[in-house]
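**Q** I'd like to ask some things about the structure below.
The values are calculated or read from the model by the stated rules, or taken from the named source; none is laboratory data. Given the structure is predicted, the values throughout are model-derived calculations rather than measurements. Cβ sites come from the backbone with ideal geometry, for glycine too, and all protein chains shown count toward neighbours.
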Ligand code: FCB
């Protein structure tokens with residue numbers, strides 16, 4: 001059975017807006033996700049993050065939950081509008097106190113804090129001033145990073161600047177299925193750049209104030225793109241440029257890939273990239289966070305037959321795939337999770353090996369991986385979520401295979417610790433290894449939580 005390296009970091013992950021609730025308490029300002037979820041029709045069932053998992057008020061209980069799982073690390077995010085309500089100006093002390101208690105509570109339980117600075121909850125005031133397409137947002141982000149570094153920098157082991165800037169830029173500003181629900185392709189590419197710039201400036205700011213041993217990282221939802229046939233190679237290249245190299249280029253190599261600029265020339269001239277920006281984005285990183293759920297399959301589309309738009313957007317509706325009108329995102333064979341995402345762990349091994357090949361000096365860490373299923377609570381109170389156990393086992397095996405083939409993978413975080421607010425899908429999609437009862441907020445270990453605790457304790461996968 002696959003075993004993992006001695007010091008492999010085992011964890012679980014959450015994000016502020018998805019679990020905290022307390023959306024208007026203790027001086028927290030509104031974020032773009034409050035605005036989005038409070039707009040009728042944008043989130044399934046009209047769900048909001050107003051209460052979420054009430055984690056803000058159940059901190060001690062949730063810390064004990066983590067201790068019970070035996071994890072060595074916990075990945076959480078800091079809500080920017082909780083600690084700096086308008087995205088600028090002084091710290092909101094009660095908001096900061098919450099994260100201070102969280103970090104201390106983790107440390108006293110022997111759990112390493114992995115803090116993400118931005119998991120999509122931009123202060124609404126900054127969006128009103130232009131949002132990520134606007135350069136100033138990158139500067140405000142670096143300032144916020146410095147404030148957090150000064151306040152928590154002696155106690156946080158790993159800092160992650162951004163979570164999945166792909167989603168922030170393309171789902172937020174191109175397809176509009178995420179906050180702030182804008183459908184402006186040129187603005188989305190400007191957002192890409194200001195996210196990259198903000199990341200680099202934040203790393204610089206953090207390095208100047210945090211403990212020298214702290215790790216710097218970013219989390220990307222890299223797409224493992226495959227073509228249907230040999231003739232689709234150019235579709236693969238273009239999807240890879242837009243989804244992956246638009247971030248990997250500046251962040252890890254200090255430059256945008258030429259082909260990305262050419263591919264998107266009809267949308268923007270990229271004049272928002274100023275001298276020195278790419279170098280600023282390309283700060284040395286200690287670890288690259290990778291979120292993986294499934295691979296992406298593409299083909300060139302000549303308009304002759306009906307396409308399926310497996311990425312979920314309707315023909316004629318705004319797409320996150322800018323300047324890819326002639327690319328078809330093909331529905332892949334099942335089985336599928338409740339999200340409709342196909343289960344294929346081979347993409348994870350291949351992706352990790354590609355990163356190892358392209359960036360041999362940058363270790364990786366799986367900062368999210370997991371599955372939503374329509375869990376059932378049995379009469380005896382147990383949640384027998386064997387499909388989730390199977391998903392996790394497959395993907396951990398895939399990670400072990402990548403390690404055996406030479407990839408330097410430092411850790412793995414299950415998405416998610418508990419069922420939570422799954423963005424535009426609301427609470428209908430349950431990703432937790434711990435169930436959250438929506439009426440009582442009671443936390444119940446699913447079978448997958450018991451299984452994961454055993455994996456963490458032994459450092460290897462049990463027999464199937
Ligand atoms: C990722 C997000 C995370 C969660 C999972 C299912 O894109 O980072 O918050 O919603 O998907």
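**Q** How do the pairs read when you match residues in region 416-432 that are closer than 19 Å to residue 367 by Cβ with residues anywhere that are modelled with pLDDT under 95 and within 11 Å of the ligand (Cβ to nearest atom), using Cβ under 8 Å and keeping only pairs 6 or more apart or on different chains?
**A** Close Cβ pairs satisfying both conditions: none exist.
**Q** Does region 262-282 contain any residue that is closer than 24 Å to residue 136 by Cα, surrounded by fewer than 22 Cβ atoms within 10 Å (Cβ to Cβ) and within 22 Å of the chain's Cα centre (by Cα)?
**A** Scanning region 262-282, I find at least one residue that is closer than 24 Å to residue 136 by Cα, surrounded by fewer than 22 Cβ atoms within 10 Å (Cβ to Cβ) and within 22 Å of the chain's Cα centre (by Cα), so the answer is yes.
**Q** To continue, here is another question. Find the residue count for region 365-380, including only residues that are more than 16 Å from the ligand (Cβ to nearest atom) and surrounded by 13 or more Cβ atoms within 10 Å (Cβ to Cβ).
**A** Of the residues in that region, 1 qualify.
**Q** Something else now. Quick check: anything in region 133-145 away from the ligand (no atom under 14 Å from the Cβ), in contact with a strand residue (DSSP E or B) (Cβ under 8 Å, 6 or more places away or on another chain), in contact (Cβ under 8 Å) with a residue 60 or more places away in the chain and under 24 Å from residue 413 (Cα atoms)?
**A** yes
**Q** Those residues that are touching a strand residue (DSSP E or B) at 6+ places or on another chain (Cβ under 8 Å) and part of a loop (DSSP other than H, G, I, E, B), I need them from region 339-396; list them, please.
**A** 343, 359, 362, 363, 370, 375, 376, 381
One line per residue, one yes/no per condition, for (1) in contact with a helix residue (DSSP H, G or I) (Cβ under 6 Å, 6 or more places away or on another chain); (2) assigned to a loop (DSSP other than H, G, I, E, B):
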| site | (1), (2) |
| --- | --- |
| 11 | no, no |
| 33 | yes, no |
| 40 | no, yes |
| 48 | yes, yes |
| 56 | no, yes |
| 64 | no, no |
| 74 | yes, no |
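**Q** Further question on the same structure: Across region 286-322, what is the total count of residues that are over 30 Å from residue 386 (Cα atoms), in a loop (DSSP other than H, G, I, E, B) and modelled with pLDDT of 95 or more?
**A** 4
For (1) in a strand (DSSP E or B); (2) in contact with a helix residue (DSSP H, G or I) (Cβ under 9 Å, 6 or more places away or on another chain), each residue gets a yes or a no:
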residue	(1), (2)
100	no, yes
139	no, yes
160	yes, no
176	no, no
180	no, yes
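**Q** Within region 7-28, how many residues are away from the ligand (no atom under 16 Å from the Cβ) and more than 17 Å from residue 65 (Cα to Cα)?
**A** First, the residues of region 7-28 that are away from the ligand (no atom under 16 Å from the Cβ): 7-10, 22-28.
When the remaining residues are screened for being more than 17 Å from residue 65 (Cα to Cα), the result is 7-9, 22-28.
Residues flagged as away from the ligand (no atom under 16 Å from the Cβ) and more than 17 Å from residue 65 (Cα to Cα) within region 7-28 amount to 10.
**Q** While we're looking at this one, here's another question. Please determine, by comparing only the residues of region 419-464 that are touching a helix residue (DSSP H, G or I) at 6+ places or on another chain (Cβ under 7 Å) and in a strand (DSSP E or B), which one is nearest to residue 376 (Cα to Cα).
**A** The extreme case among them is 434.
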